[in-house]
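First comes the structure, then the notes that go with it.
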Amino acid sequence: MAVLSRWSDLADLSKSLAESEQSERTLRLLYDQLQKLEQQIGAKLAKGDNEQMSLRLQQSSALMSRVAKRPNSGVDWQLQPTQSVVQKITRQLPDSIDLLSERPHNEKIQIMMGRSGKHLTLDLPAHASAKQNLNQLKQAFANLNINVDVERDGRVSFSTAKSDSWALKEPWVMAGTGVRIAAGNPVSVALNEPAHVIEKLENLARENTSLSMSRDEIRQL
């Protein structure tokens, strides 16, 4: 029995190492490409040759997007390494649902998370700041093993372990008092997969945004 257990542990370790190596290969490839693009943009800006660089940026960002989104890329939508033992699922509410902005009155929101059986009630006080409301969300969802964060674009994201993912994959039924969720019949709200961070660079390139803005995004990535 001990021999079988040892073989099982070795198999798990081998799988984990293979996943880590794949993550490293992808990240190194993306980093090298981003570094080259930043250098090329700097040179083109100095010369004022923007048109040719815009085309190059479109081609490179599309290629990086394909590399980063491959099922076996080893990185998630934030370019963080993924391993099966720690993999998380992340979802975001649609833009029409705002749980952070300050409101002039108290609000109470009930949330039922699909068929997972998880549910909670949010109490958002009048005149609470976005930071205070975020802390309320963090505390309430932490009891359900769900992490709450604010992304670079200001959107609220919810993440949990893959084993608890049904709480985020299925639509939420929300009811409340106030304006975030108007009083009345409960509403069904489907959560969205967050946009991949490479997509912003890809969109900037497609829209022929200024090269300086694209360079800022590259530096951030």
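The values are calculated or read from the model by the stated rules, or taken from the named source; none is laboratory data. Since we're looking at a predicted model, the values are computed, not measured. When we count neighbours, we look across all protein chains shown, and the Cβ atoms used for this are built from the backbone with ideal geometry, even at glycine.
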Could you list, in sequence order, all residues of region 179-200 that are closer than 16 Å to residue 76 by Cα and aliphatic (A, V, I, L, M)?
-> 195, 197, 198
Qualifying positions in region 23-78 - assigned to a loop (DSSP other than H, G, I, E, B) and in contact (Cβ under 8 Å) with a residue 60 or more places away in the chain = 77, 78
Counting only residues that are among the small types (Gly, Ala, Ser) and closer than 16 Å to residue 215 by Cβ, which one in region 40-94 is modelled with the lowest pLDDT?
-> 48
What is the one condition in (1) surrounded by fewer than 17 Cβ atoms within 10 Å (Cβ to Cβ); (2) free of Cβ contacts under 8 Å to residues at least 40 places away in the same chain; (3) more than 17 Å from the chain's Cα centre (by Cα) that residue 115 does not satisfy?
-> (2)
Give the number of residues within region 150-190 that are outside any loop (DSSP other than H, G, I, E, B) and touching a residue at least 12 places away in the same chain (Cβ under 8 Å).
-> 22
Selection over region 201-221 where residues are modelled with pLDDT under 85 and under 16 Å from the mean Cα position of the chain (by Cα) yields a count of 0
Return a yes/no flag: does region 132-146 have any residue that is surrounded by fewer than 16 Cβ atoms within 10 Å (Cβ to Cβ), free of Cβ contacts under 8 Å to residues at least 60 places away in the same chain and part of a strand (DSSP E or B).
-> no
